[in-house]
């Protein structure tokens with residue numbers, strides 16, 4: 001609050017509690033300087049729930065003691081702590097390779113939340129918050145969160161996924177887009193190598209590097225029925 005806002009707050013408090021009114025010009029000036037020194041970094045009001053006048057009125061309503069600057073500062077600190085406690089850092093839209101810009105965006109978001117000029121960001125899974133449009137545009141530009149060099153290096157350790165990605169890149173049907181009638185694998189899950197013992201019980205359930213042939217046929221049939229986008 002600047003000195004004009006402090007003066008307006010003191011005038012409001014004086015209407016509710018005449019004990020705070022200073023009739024002497026020197027005392028009024030000293031009171032204004034004291035309150036400004038202690039509350040200068042606290043806003044008079046924010047767009048998201050904070051109002052120093054509400055804090056003052058609440059104190060005067062419930063306390064028999066004359067209000068002091070600490071009775072405004074304590075609710076403000078509680079307000080800041082509560083907002084930061086409910087805030088989870090959203091993914092910055094800055095380039096993650098630019099450490100300075102990435103950190104500056106995180107710090108700026110936290111300061112805006114603490115100052116009451118921005119709402120806390122909660123977990124997207126719980127609050128249903130959509131992704132930042134700037135981040136969506138960057139993801140579309142990059143194409144994948146895994147660099148192509150890293151994807152190529154991981155291919156030998158993920159043969160099933162590598163084969164699936166290669167098939168999709170060549171315009172072939174994605175076998176994992178359908179379930180498997182042989183091993184009962186769900187959509188998106190790899191097929192399983194099921195070994196049946198003499199008693200008819202399953203003895204093994206290891207994942208296969210390639211889907212079962214019947215799953216390929218089912219995916220190909222669905223792929224043929226689905227209209228494909230025209231290629232340039």
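Brief remarks follow.
- Considering residues of region 9-50 that are in a loop (DSSP other than H, G, I, E, B) and more than 15 Å from residue 76 (Cα to Cα) only, the residue nearest to the chain's Cα centre (by Cα): 17
- Screening residue 68 with (1) at pLDDT 75 or above; (2) farther than 30 Å from residue 14 by Cβ; (3) surrounded by 13 or more Cβ atoms within 10 Å (Cβ to Cβ) gives one miss only, at (2).
- Subset tally (residues that are free of Cβ contacts under 8 Å to residues at least 12 places away in the same chain and buried (at least 17 other Cβ atoms within 10 Å of the Cβ)) for region 168-178: 0
- Out of 188, 204, sole residue that is exposed (fewer than 13 other Cβ atoms within 10 Å of the Cβ), at pLDDT below 80 and in the same structural domain as residue 159 (by TED's automatic domain parsing): 204
The values are calculated or read from the model by the stated rules, or taken from the named source; none is laboratory data. Since the structure is predicted, the reported quantities are computational estimates derived from the model, not experimental observations. For neighbour counting, all protein chains shown are included, and Cβ atoms are generated from backbone atoms with ideal geometry for every residue, glycine included.
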